[in-house]
Amino acid sequence: MSRFAELLDDFFYRPDEDVAGLQDFASGSDGAQGSAPEEVPEEYLAFRLEGECYAVPIRVVREISKVPPLTEIPRAEPHLLGVMNLRGELLPAYDIKMRLRLADRAPVVAGPEALQPPREARILVLRTESGPAGVWVDGVTGVVKLKPSMLEAAPPGLRTGERDCVVGIGRRGATLYILLDPEQALSS
């Protein structure tokens, strides 16, 4: 056998050789752990407020409801729209647009001067430390899964004062989701 043939014989595998280790290595299961652990996405419920996309962790959402008739509460906080009767349970309903500075005042949606809510409007019933509470949203866009690498901290200036309920920004494709902390959004 020529010297060149001997080199090629060492390079190529023969049919009688055990190549199981090579096949595992080629498929990526050589037993060694990958350098980066797989990211586990978290689910968020995405919704619209004044044309902007917002999201809250799906684990805090109890249910989504059409806007029921609201009962006005005299001398209530400005962002408290009223109370709603949801299958016999009385829940406060809030408008967080004022807290986010998307509106100067809450709309009149309870009482005798109340207008019909827009067709897409919904109430998100959220689980909070003080019990369930409703949040008026302009529309629900769906559930979005965001990996930790898709999340960014809230820009400087948003974690102070009235907008401290913004905890981050989520990016999925060309869409930005403003991530909210429901406890902070509903606090006075």
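The values are calculated or read from the model by the stated rules, or taken from the named source; none is laboratory data. For clarity, every value in this text was computed on a predicted model and none was experimentally measured. No Cβ is skipped: glycine too gets one built from the backbone with ideal geometry, and neighbour counts run over all protein chains shown.
Numbers for the structure displayed
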read-out: Some residue of region 164-180 being surrounded by fewer than 18 Cβ atoms within 10 Å (Cβ to Cβ) and modelled with pLDDT under 85; value: yes
read-out: Pick from region 131-163, criterion of a type in the set (S, T, N, Q) and either at pLDDT 85 or above or part of a strand (DSSP E or B) (or both), ranking: nearest to the chain's Cα centre (by Cα); value: THR141
read-out: Which listed residue is at pLDDT below 90 and surrounded by 16 or more Cβ atoms within 10 Å (Cβ to Cβ), from VAL109, VAL83; value: VAL109
read-out: Those residues of region 43-78 which are crowded, with 20+ Cβ neighbours inside 10 Å and within 17 Å of ASP181 (Cβ to Cβ), in sequence order; value: TYR44, LEU45, ALA46, PHE47, LEU49, TYR54, ALA55, VAL56, VAL61
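Each row is one residue, and each column tells you yes or no for (1) more than 22 Å from GLU120 (Cβ to Cβ); (2) aliphatic (A, V, I, L, M); (3) over 17 Å from the mean Cα position of the chain (by Cα); (4) modelled with pLDDT of 85 or more.
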| residue | (1), (2), (3), (4) |
| --- | --- |
| PRO15 | yes, no, yes, no |
| LEU22 | yes, yes, yes, no |
| ALA36 | yes, yes, yes, no |
| CYS53 | no, no, no, yes |
| LYS66 | no, no, yes, yes |
| ALA76 | yes, yes, yes, no |
